[in-house]
Amino acid sequence: MLTLQFIPYTEISNLSSEKKIQKLLKIVRDEKIVLLEGKLGSAEKSELIRKTMEEIDDKFKGIEIEDLDLERKDKALIEKMRSVLINFILGSRKGLTIIGPASIIKEIKKDPDKIQLFTEESKKKKKK
Amino acid sequence: MGLFHNFLKKFLKSFFKKKGEVKLGLYGPPNGGKTTLANKISMDWLGEKVGKVSGIAHETREIQIKEQITIKSKGKELTFNLVDTPGIATKIDYEDFLKAGLKEKEAKTRAKEATKGVVDAIKWLDDMDTVVIVLDATKDPYSQVNITIIGNLEARKIPVLIVANKVDLKKADVKKVQAAFPQYDVIGISAKYGKNIDNFYESLFKITNK
């Protein structure tokens, strides 16, 4: 059984980056897949990776993460430049992020407007 | 605000950096060929290697530095401290090392060291002046690890060169890497066999504006 937990943007928007990451990792460590409204910033993602590494043990192997970008591809250059810094620090409300425990999700593929999750079972079937 | 405060601190620190302390970091996912490239650069210009390589992921589990490498070409010189880093990953499973032939105790130790290595690599990213991202050109370049590293560097305006490594292999697809990161210079090389390495050195001069 797979449990998907949806986290709306409003549930994390007032949290510090540290608390945000703590909350997301706690859900993943409970063997649930997080569907987060919005995207994490690059600084937050590296912090998430760092915290994940610190928590890896015999049971928890880490995470798989992928996001879907729902922003306009034809944004003007000045908008894109402004976005870079804001996204680095704060992330973005637009989009969807999937974070799951590596023990359940073996691979996530983005293609380009859909996300495919491969579990251990589906990978074995794919190989056959 | 913690992340913003750290970002501002590092941004200001860069203005007071001493001349000559240029740090060139090799970053990327595990097994992309970072240490192979580090060894190639170090052997070419210093006559000595930086670290050990193997086919098992996370061979490099500590930051390895070679200081004062000077590369020369067409009357130009570039001196830097070469920083070879552990591959960054979002997951590490000791069972993968068991499958690679390690014994259980060895595998668990390697996994523990690898997680620490990733933490160190992320920490050191803040201190790099220029970064070469080394990707395995036979693999999918659209990974969150690659995007995260590049996103961090882009925000801090750190010059980036992307290397699509392992072009000696049939499945290597340099065009796919170029398409994934169109805003960056991407150069296809074989660090193992030295293919296109001269163009790689020229690219280093280009991104550091030398």
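What follows draws every value from the coordinates through simple rules; no lab data is involved. Quick caveat, the model's predicted, so the values are computed rather than measured. Cβ atoms come from the backbone with ideal geometry, glycine included; neighbour counts cover every protein chain shown.
Modelled label positions at B:K175 and B:K76, each set 7 Å beyond Cα in the direction of Cβ, lie 2.9 nm from each other. When you restrict to C-alpha pairs under 8 Å that are six or more residues apart and normalise by the size of the stretch B:18-207, the relative contact order lands at 23 percent. Spin-label model, B:K99/A:M1: points 7 Å from Cα along the beta carbon direction are separated by 2.8 nm.
The B:N209 and B:D44 beta-carbon pair, evaluated with R₀ = 22 Å, returns a calculated FRET efficiency of approximately 0.50. DSSP beta bridges fully contained in the stretch B:18-207 are about 35 percent antiparallel. Both the radius of gyration and Dmax for the stretch B:18-207 are 16.0, 53 Å, in that order, over alpha-carbon atoms. When chain B is treated as a GNM with alpha-carbon contacts under 10 Å, the residue of B:A180, B:A114, B:A57 showing the greatest mean-square fluctuation is B:A180.
Put a dot 7 Å past the Cα of A:I115, heading toward its Cβ, do the same for B:K123, and the two dots end up 3.0 nm apart. For B:E67 and B:E202, a Förster radius of 25 Å and the Cβ-Cβ distance give a FRET efficiency of 0.65, rounded to the nearest 0.05. Split chain B at each of the GluC sites (Glu not before Pro) in a DSSP loop with at most 16 other beta carbon atoms within 10 Å, and the longest piece is B:63-210. Charged neighbours of B:S42, selected by a Cβ distance under 14 Å, balance to +1 (K, R count +1; D, E count -1). The distance linking the stretch A:1-44 with the stretch B:119-191 is 27 Å (Cα centroid to Cα centroid, whole angstrom).
If you build a Gaussian network model of chain B, linking Cα atoms that sit under 10 Å apart, which residue out of B:D120, B:D136, B:D96 swings the most? Result: B:D96 has the largest fluctuation of those listed. At most 16 other Cβ atoms within 10 Å and a DSSP loop assignment: could you name the trypsin sites (Lys or Arg not before Pro) in the stretch B:69-116 that fit? The qualifying sites are B:K74, B:K103.
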